[in-house]
1. Using only Cα atoms, figure out Rg for the protein assembly as shown and give it as a multiple of 2.2 N^0.38 Å.
2. Expressed as a fraction of 2.2 N^0.38 Å, the rule-of-thumb size for a compact globular protein of N residues, what is the C-alpha radius of gyration of region B:73-158?
3. How many Å³ per residue does the convex hull of the Cα positions in chain A occupy?
4. Can you list which of the trypsin sites (Lys or Arg not before Pro) found in region B:154-241 are DSSP loop residues with at most 14 other C-beta atoms within 10 Å?
5. Counting DSSP beta bridges in the protein assembly as shown, what percent are antiparallel, to the nearest 5?
6. Out of A:T124, A:T206, A:T94, any idea which swings most in a Gaussian network model of chain A, alpha carbons joined below 10 Å?
7. Taking the alpha-carbon distance from B:K208 and a cut-off under 17 Å, which aspartates and glutamates remain once sequence neighbours fewer than 8 residues away in the same chain are dropped?
8. Cα to Cα, under 17 Å, and not fewer than 8 places away if on the same chain: which aspartates and glutamates meet these conditions relative to B:K197?
Amino acid sequence: MLSWYYLKGIIMLAGIYLLPVLGLSLLTGFTGLFSFGHAGFMAIGGYTTAFMMMKLKVPFIPAILIGGLFAALFSFIIGKLTLKLKGDYFCIATLGFGEAIRLLLDNIQYFGGARGWPGLPLKTTLTTVIIIDIIAVILLRNIIRSRHGRNMIAVREEELASSIIGIDTFKYKMISLVISAFYAGVGGGLLGTYLGFLQPKIFSLTRSTELTIIVIFGGLGSLTGSVVGTILLIALPEILRSFANWRLVVYGVIVVFIMIARPEGLMGGKELSFDIIRNLFRKRVKEVKAEGGK
Amino acid sequence: MKKFLSLLVVFVLIASLFSGCAKKEAGDVVKVGWIGPLTGDQAVWGQCESNAVKMFFEELNNSGGLLGKKVEVVAYDTRGDGTEAVNAVRRLTSQDKVIAIIGPNSSGQAIPISSVLEEMKVPDIATVATNPKVTVVDGKVKPFNFRICFIDPYQGAVAAGYAIDVLGFKKAAILYDIGDDYSQGLTQYFEEVFTKKGGQIVAKEGFKTGDVDFRPQLTKIKAANPDVIFMPYYYKEVALSAKQARELGITATLMGGDGWPSEQLMTMAGDAVEGSYIINHLDFDDPEVQPFRNKYKQKFGKDSEINGYLATDACTLLVEAIKKANSFEGEKIKEALEGIEIKGITGNIKIGKDTHNPENKEAAIIKIENGKYKFVEKYAVK
């Protein structure tokens with residue numbers, strides 16, 4: 001019923017958006033910092049990648065990595081300036097940052113300004129996206145399970161208490177922000193080489209809020225939630241195509257309903273891992289054995 | 001309650017999955033796609049285009065169809081967003097198997113879809129995507145991208161040429177939207193042509209999409225005392241900025257591009273835009289325009305935006321190309337489109353082989369008099 005070519009497009013897009021969502025998941029879900037400027041990091045990554053490939057003839061994979069690193073560098077500077085801010089103030093600072101990046105790009109004629117930068121090489125394929133996604137998920141899972149990850153969670157739960165037991169809260173917020181910006185940057189690079197076109201308009205505030213919505217929708221503090229949330233929320237507008245003028249209204253209504261039905265998000269902080277599946281399976285085997293023993 | 005809600009959501013989703021699948025027998029129906037914004041801030045234009053396209057093919061079907069087949073229009077929303085446009089075109093070309101696509105209405109959507117068009121070999125005729133790079137990038141023409149409108153350089157050049165050669169203005173000021181590709185494009189070419197012809201740009205001020213207060217910029221413009229202010233952006237901001245300019249006592253003539261003409265402009269701006277000049281694609285009072293204008297008004301209860309006329313011309317162009325090719329195959333339609341000549345509502349259109357643009361299309365100069373759009377003359381810049 002669905003053609004593979006169309007499906008492939010949606011999967012690739014979901015795969016690309018998964019990266020900034022994972023980054024934001026670490027920052028918001030595990031460190032407790034809200035950001036409305038992640039589209040800005042995507043823009044930096046995207047434009048850096050495009051610059052590397054078009055002007056300096058750097059190959060694809062190094063170019064997107066450099067794009068990610070550049071976004072990380074920016075986030076480091078921003079973090080130095082704003083991470084001392086508490087709660088909502090940090091959130092507003094990131095919002096300003098995201099908009100500032102977009103407006104800057106609007107005016108840099110070297111990169112095409114507001115009219116955009118067409119003719120980028122189309123390098124993003126389904127295989128690259130999936131491989132990068134898998135690496136990204138495994139990497140992030142290991143970070144979260146490490147001592148550093150646990151420190152981040154401690155910062156999220158109770159900042160004051162964690163600083164009393166000797167956690168350098170500023171440092172862990174910074175690590176979290178830099179990693180998260182790196183992910184967003186790589187995602188931006190992939191998006192540019194998927195569309196073959198970059199325009200500052202693509203990285204508007206709406207994009208940043210969409211990313212945050214996905215993270216909250218999937219469930220704060222759950223990687224599985226972020227993955228499932230991305231796939232669902234990227235696919236949803238496509239499923240609703242037949243509603244034409246009312247599509248986004250229906251989209252909004254569905255998201256609101258799901259949030260009412262599950263305020264803690266789809267996964268609600270739980271993870272789906274191989275261990276859980278194995279345990280479920282073992283339990284079942286035991287039951288079967290117990291029944292057989294009768 | 002929660003269970004009921006979740007059930008409802010699931011039901012809506014499943015229903016929507018199947019709602020698109022009520023297929024007619026494929027034998028005597030061909031599909032033509034349309035993409036553009038049905039939602040979001042550009043929805044006014046998108047809805048008008050999709051109405052016009054549907055009306056056009058409905059009439060065609062009633063008068064016997066195309067090469068013996070009925071045409072079905074599949075219209076998809078893009079929100080005016082490039083990534084959504086790519087998704088929509090992927091769906092149109094692979095799942096709906098359309099023979100050609102009409103739209104989108106902006107360059108930000110028309111540029112990223114070209115790789116999909118080339119892969120699937122489906123031609124596309126953009127309606128008001130005026131960025132030169134929609135059809136030509138780095139000197140190479142994109143094989144499956146066409147357009148029906150004139151391009152930004154031309155529009156900017158016409159405005160500058162008319163201002164200096166015909167109206168005799170020497171000092172111009174520009175107020176433009178720095179966050180908008182269309183506005184930046186027109187500004188760039190207006191400036192180039194105006195200074196080349198010996199004029200002087202005395203002030204150039206930018207604002208950001210969504211701004212409602214233009215007084216700081218207008219105060220600076222007033223200090224520079226220009227003869228004419230070029231305002232290349234859309235009617236909402238035009239109405240606001242024109243009003244504020246008059247409040248500040250600026251008497252200079254205002255000039256704008258094809259973002260101006262809307263039925264909304266007069267109600268919003270009132271006297272402020274009186275005496276202004278607009279560069280447009282067509283003259284609304286031209287007798288040849290009337291049949292479409294009246295038909296649209298009768299059917300949808302309101303006047304068509306400029307997009308409706310261009311979308312209809314895009315349909316005419318496509319139909320002529322299909323007849324010429326005598327085939328529904330993408331590659332053959334594409335070949336037929338190159339160099340084709342038609343007489344459309346917006347003038348004589350001849351698609352250039354190396355540019356895929358309508359060549360030497362005359363622009364209509366419109367003056368606003370007594371709260372009405374009054375056609376002055378057709379003008380092509382030399």
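Each value in this text was obtained by applying a stated rule to the coordinates, not by laboratory testing. These numbers were taken from a predicted model, which means no experiment stands behind them. Cβ placement follows ideal geometry from the backbone for every residue including glycine, while neighbour counts extend to all protein chains displayed.
1. Numbers: Rg = 27.1 Å, N = 676, 2.2 N^0.38 = 26.2 Å.
Against the empirical 2.2 N^0.38 Å value, I get 1.04 for the protein assembly as shown.
2. So the Cα radius of gyration is 1.04 times the expected 2.2 N^0.38 Å.
3. Per-residue hull volume (Cα only) is 177 Å³.
4. Values: sites: B:K170, B:K171, B:K196, B:K197, B:K204, B:K208, B:K220, B:K222, B:K236; in loops: B:K170, B:K197, B:K208.
Of the trypsin sites (Lys or Arg not before Pro), the ones in loops of region B:154-241 whose Cβ has at most 14 other Cβ atoms within 10 Å are B:K208.
5. Counting DSSP beta bridges with both partners in the protein assembly as shown, the antiparallel share is about 40 percent.
6. A:T206
7. A:E99, A:D106, B:D41, B:D177, B:D180, B:D181, B:E237
8. List returned: B:D165, B:D227.
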